[in-house]
Amino acid sequence: VQLPLMQNVFFSPERETIHVRYDMKGSWVDRNAKPPGNNELVTCRHCNQKFRYSRNFQAARNHNNNTARCTVTANGLHEPSVTYKDNDLLSKLELQQSEGQRLVEQLERDATALCTWGVMDYSLLIGVHQERFNIDAPGAALPVPVAA
């Protein structure tokens, strides 16, 4: 029995926070994310703080049962980090041409290896880091990144 092992490319102390995750399989059948359960311990997609999810966001509590406030969002409310699926991707992802070509080549290598091993299940994991910019500098050529 051969098992391919892969490292978690989203976990790295040097990398930026991944705000949105997608698990893409190329199917539309049952491919919508489900919200976390009420009172489930989850991670905020903005600040990575653990908190107890509540359908009433005002009542969200951190893992120590204190009222939780997100230090990143304008309203101070946490949002759970959910892994979305194929049907949840509602906008285009833009890549530079060289990145797109590298991605296609890697997908072809992966598909060939999985076919050789007789494996049919495949997921493409996509992580999105969202950046905010200050654009109030008159005449600035490029926006200045602001810590999210």
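The values are calculated or read from the model by the stated rules, or taken from the named source; none is laboratory data. Quick caveat, the model's predicted, so the values are computed rather than measured. Quick note on the areas: whole protein, heavy atoms, side chains included, nothing else; ligands and nucleic acids left out. Shrake-Rupley method; radii C 1.70, N 1.55, O 1.52, S 1.80 Å.
Protein-only accessible surface at a 1.4 angstrom probe places the residues VAL29, VAL42, VAL128 in the order VAL29, VAL128, VAL42, largest first.
For HIS19, the residues whose modelled amide H falls within less than 5 Å of its own, excluding neighbours fewer than 5 places apart on the same chain, are VAL128, HIS129, GLN130. Using 0.36 nm per residue and subtracting the Cα-Cα separation, the extra length available between THR116 and GLU94 on full extension is 4.8 nm. Under 5 Å from the amide H of GLU79 lie the amide H atoms of ARG45, HIS46, each residue being 5 or more positions distant or on a separate chain, with H modelled from the backbone and absent for Pro and chain starts.
For the residues ARG102, ARG69, a 1.4 Å probe over the protein chains yields an accessible-area ranking, largest first, of ARG102, ARG69. Using the Karplus relation 6.51 cos²θ - 1.76 cosθ + 1.60 with θ = phi - 60°, the per-residue 3J(HN,Hα) values for segment 107-123 come to 4, 5, 5, 4, 4, 5, 5, 5, 5, 4, 8, x, 9, 9, 8, 8, 10 Hz, with x marking Gly and Pro.
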